[in-house]
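Let me begin by presenting the structure, written as structure tokens, before commenting on it.
Each value in this text was obtained by applying a stated rule to the coordinates, not by laboratory testing. This is a predicted model, so every value here is computed, not measured. Quick reminder, even Gly has a Cβ in these numbers, built from the backbone with ideal geometry, and neighbours come from all protein chains shown.
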Amino acid sequence: MIGNLPFVAAMVLVVLGLWTLMTRRNLIKLVVGIVLIENGVNLLLVSLGYVRGGVAPIYTYAPEGTPVDIPMVMPTPQALTLTSIVIGVATTALLLTLAVLIHRHRGTLDVRKIRELRG
Amino acid sequence: MSFAMHVPILAIAAPLLGAFSLPLMAKVHHRLRDLWAIIVGAFTVAMIVTLAVQVFGGGIQVYTLGAEAPDATLGPEGFPIRITLVADAMGAFMALISALLGGAALVYALGFAQDGKGKTLSMSLLLLLWAGMLGLKLTGDLFNFFVFLEITTVAACGLIAYRVWESRPPEAAFKTLVMFILGGLMVLLAVALLYGEYGALNMAYLSNQIGGGLIDRMALGLLVGGLLMKAGAVPMHMWAPDAYGEADANTAIVLVANTQAGLYGLLRMLFTLYGGAATPEVGWLITSLGALTVLVTVLMAVVQHRLGRLVAYGAVSQIGYMLLAAGVALVTVGARPEFGQLALQGSVFHMINDAACIGLLFLCVGAVHRATGTGDLRSLGGLAHTERWTSGFFLLGALALAGIPPLNGFASKLMIYQSVFMLSPILAALAVLASILLLAVFVRAFQGAFLGPRQNVVSKPPSPAMLIGMGVLAAVVIAFGLFPDVMVRHVVAPAAEALWTGRDAYMAAVLGG
Amino acid sequence: MSVVVRTVARLLLAPVAIFGAYVVMHGHLTPGGGFQGGAVIASAIALVVVAFGAQRLRKQKKTLSVLEDVGATAFAVLAFLGIGVTFFYNALAGTGGLFGQTVPIGPNPGALNTGGLLPLMNWAVGLKVLAGLGSMVLLLGLLGGDDDR
């Protein structure tokens, strides 16, 4: 049960993010919602590679013994998560920049008032 | 070791390197930047054409990054461990589309974009988007697919929004970016699920393993949802008209290519990754979404009074036709009757035809903007007196888009109508009806903008670079319309075949055996 | 910002930047690498923006954008170095020269002169990330600064 906690937490984060996206009307809060979903997915991804009792997958830091016998945590999901975090940083920064630009032009962050592009 | 083996990666790496070094060149001199853009663009197009010749002549090309040899895809234990690029006929075909639109957009941008108004930025992002699309189309690794998807997301939204001094582009870009990120995250979630189940990311290996269990179906749903968002199908289409309508002309046509890359991803996932596990229900879903897309967007196009948005709705409606035909192919993929294959060929052929004629229309809209400073149909009129080339190209594109013989849109739409009719006559009738409505919309737009009395506006003629960009696309529209059978036999049929029955060849090329 | 913040920022600036450089340089040996180290250095830039205001750094915008392009171009060029075998092939590893020694087996403090192209790529990525994130922070500071007061 306790081993499934990361997956439950990931799902909770994704659902919270979707909830934020659907109920909030402020551009910055929409960005927060997207970041929540992103973090949920990242959490799922990184917890996939966990090996019970495993050590960090660093070759030179491994404890004594032949490297084959030591259970190491899978490095691939960590690399994937890192990549997706980096991508998340870039997209979040772009979103925030656009939000700032919209605020500059319109003086508001309320999506109900920003409706120049309709139909 | 020969140069020819490295063609797949060179096609991706050249525009990537070009995109990053372009701003440095611009710091030296703007002429050097333009020259560099031309060199990079020409090299990329040459690489793509070489790749296409290799693939259509000699079968699937596999390239393993960072390995001892390009074809060493498998690790010591017979398990694919590195990122591979797999160029099959469909991937090469999509790369050709991106070469057509990317090349035309780059040439057009040389004459269209203005120094001091983000020309360096837009050209650099254009190359980056090009590299992202090529990567998306050629990669054989699921996570790499996601990474390239996000590269196209960031580059596309940057391209839409770079005119920050205007109020509408940032808004359109925000909308687009939210949809693209959500789509990307759905794809990432699907990748995570598949990785958790099978412990691999190689598409050929996964395709070998996927059996259609609960997790597989969840992942399929997420993939379809995410990629449909990227492709701009109804009901996730809200971003598309805004993005196309607000972007520059040269940006809009690469965005069309980007949308098609999303569609390609969808087809690749459904036919290659889930080839054995996809059920007719998914096909019906895609078919009905396609029909809905065609109808809704054509009806929306009727009420538009801004030229850019009107063409944008036309562009989204064409995605609907491709989805419709692809859905028909999916419904029938299990039984494999003749018309399913015809539907897939129609869908694939329509991609390149749509790329050419919608691209031509967007470039004409850009030329109209440049000539008059506005895109509002209520204040335009009589442009045909001064803008002869632009009006001719616009008419050509509009007729081709509506499917008037002997232009290229007719050839592929006929294939789509025929195959859809075999599945459901009602859907085929709807598709024809939508096409007629689209013709009416474009005739009205042409009449409003180009015909009528001469207006006293100072008009700025299109520059030679813009004319070259438009001319290339117009030549494609006419050539594919006159000789569709040559195109279908030599290029489209192998590409559709790669999806239809090419799954085993795809797996064998990567996994050996 | 208050004098307390500015003094602490002055004190912390160098340690933060040096730690970031350490993370970049040891990227092939320890957890971290180009992105993480670059982000740490960029946080030093964020510190300056917060403590002294974005206007102080306005002139550095150009420098940062050049650095960013140089980093990205260098990464792509380094990837091209392996093209004799395959793209991204580690052409320097195991050659005995620059970063060319083999990694010793077993627990060890880490030999810096290993890894082939990886450390160089880490540097390129670090440069790209510090300039990219730094200019993002700077631009957001410059953009948001004038209408929030």
Evaluated at q = 0.08, 0.13 Å⁻¹: base-10 log I(q)/I(0), Debye formula over Cα of segment B:279-482: -0.28, -0.67
Cα centre as origin, Lys/Arg/Asp/Glu Cβ charges: segment B:279-482 dipole, Debye: 580 debye
Quotient of Cα Rg and 2.2 N^0.38 Å for segment B:78-235, N being how many residues it contains: 1.17
Reciprocal of mean inverse Cα separation for segment B:196-283 (Kirkwood radius, Å): 14.3 Å
Karplus 3J(HN,Hα) series, Hz, for segment B:296-305 with 6.51 cos²θ - 1.76 cosθ + 1.60 (x for Gly, Pro): 4, 6, 5, 5, 5, 5, 4, 8, 6, 10
Whole-Hz ³J(HN,Hα) from phi, Karplus 6.51 cos²θ - 1.76 cosθ + 1.60, for segment B:137-152, glycine and proline x: 7, 9, 6, x, 10, 5, 5, 4, 4, 4, 4, 5, 4, 6, 4, 5
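Take peptide B:63-71, look around each residue's Cβ out to 10 angstrom, count Cβ atoms belonging to other protein chains, and average those counts.
On the way: counts 2, 4, 6, 9, 6, 3, 3, 4, 1.
For this peptide, the per-residue mean of nearby foreign Cβ atoms is 4.
Might you report the magnitude of the Cβ-based charge dipole of segment C:1-124 about its Cα centre, with Lys and Arg at +1 and Asp and Glu at -1, to the nearest 20 debye? Write out the running numbers ahead of the final one.
Working: 7 positive and 2 negative charges, 134 e Å.
The dipole magnitude comes to about 640 debye.
Rounded to a whole number, what is D in µm²/s for segment B:123-174 from Stokes-Einstein with the Kirkwood radius over alpha-carbon pairs (37 °C, 0.692 mPa s)? Mind showing how you got there, number by number?
Values: Rh = 11.5 Å.
Rounded to a whole number, D works out at 286 µm²/s.
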Equivalent ellipsoid semi-axes, chain C, via Cα gyration tensor eigenvalues times 5, rooted, Å: 35, 19, 9
Sequence-distant residues sharing a close amide H with A:MET74 (under 5 Å, placed H): A:VAL51
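Out of all DSSP beta bridges with both ends in the protein assembly as shown, state the antiparallel percent to the nearest 5.
Details: 9 of 11 bridges.
Beta bridges within the protein assembly as shown, antiparallel portion: roughly 80 percent.
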Theoretical ellipticity at 222 nm over chain B - DSSP helices of four or more residues, -39500 (n - 2.57) apiece, nearest 500: -25000 deg cm²/dmol
Spread of Cα-to-Cα distances over 5 Å intervals beginning at zero, given as percent, for segment B:446-513: 3, 11, 10, 11, 12, 11, 10, 9, 7, 5, 4, 3, 2, 1, 0
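Please sort C:17-28, B:177-188 by packing, taking for each peptide the average over its residues of neighbouring beta carbons within 10 angstrom, highest first. Spell out each step's value before the answer.
On the way: C:17-28: 19.3, B:177-188: 25.1.
Packing order, densest peptide first, comes out as B:177-188, C:17-28.
Using only alpha carbons, build the gyration tensor for segment B:210-257 and give me the equivalent ellipsoid semi-axes, biggest first, whole Å. Please list the in-between numbers first.
Numbers: eigenvalues 193, 23, 5 Å².
Semi-axis lengths for segment B:210-257 are 31, 11, 5 Å.
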Built amide H within the under 5 Å cut-off of B:ASP141, gap 5+: B:THR84, B:MET203
Whole-percent pair-distance distribution, where bins are 20 Å wide, for the alpha carbons of chain B: 25, 59, 16, 0
Values of log10 I(q)/I(0), in the order q = 0.15, 0.28, 0.31 Å⁻¹, for segment B:374-424 under a Debye, Cα-only, solvent-free model: -0.57, -1.00, -1.07
Rule-of-thumb Rg ratio for segment B:1-90 [Cα; 2.2 N^0.38 Å; N residues]: 1.32
Long-range Cα-Cα pairs in the protein assembly as shown (distance over 48 Å), rounded percent: 16 percent
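Could you work out, residue by residue across B:13-20, how many beta carbons of other chains sit within 10 Å of that residue's beta carbon, and then give the average as an integer? Let's see the in-between values first.
Values: counts 6, 2, 0, 5, 7, 2, 4, 11.
Counting other chains' Cβ atoms within 10 Å and averaging over B:13-20 gives 5.
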3J(HN,Hα) from dihedral phi, segment B:282-294, Karplus parametrisation 6.51/-1.76/1.60, rounded to Hz, x for glycine, proline: 4, x, 5, 4, 5, 4, 5, 4, x, 4, 4, 4, 4
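What average number of partner chain Cβ atoms lie no more than 10 Å from the Cβ of the residues making up A:77-88? Spell out each step's value before the answer.
Values: counts 5, 1, 1, 8, 1, 3, 7, 9, 3, 7, 10, 5.
Mean partner-chain Cβ count within 10 Å for A:77-88: 5.
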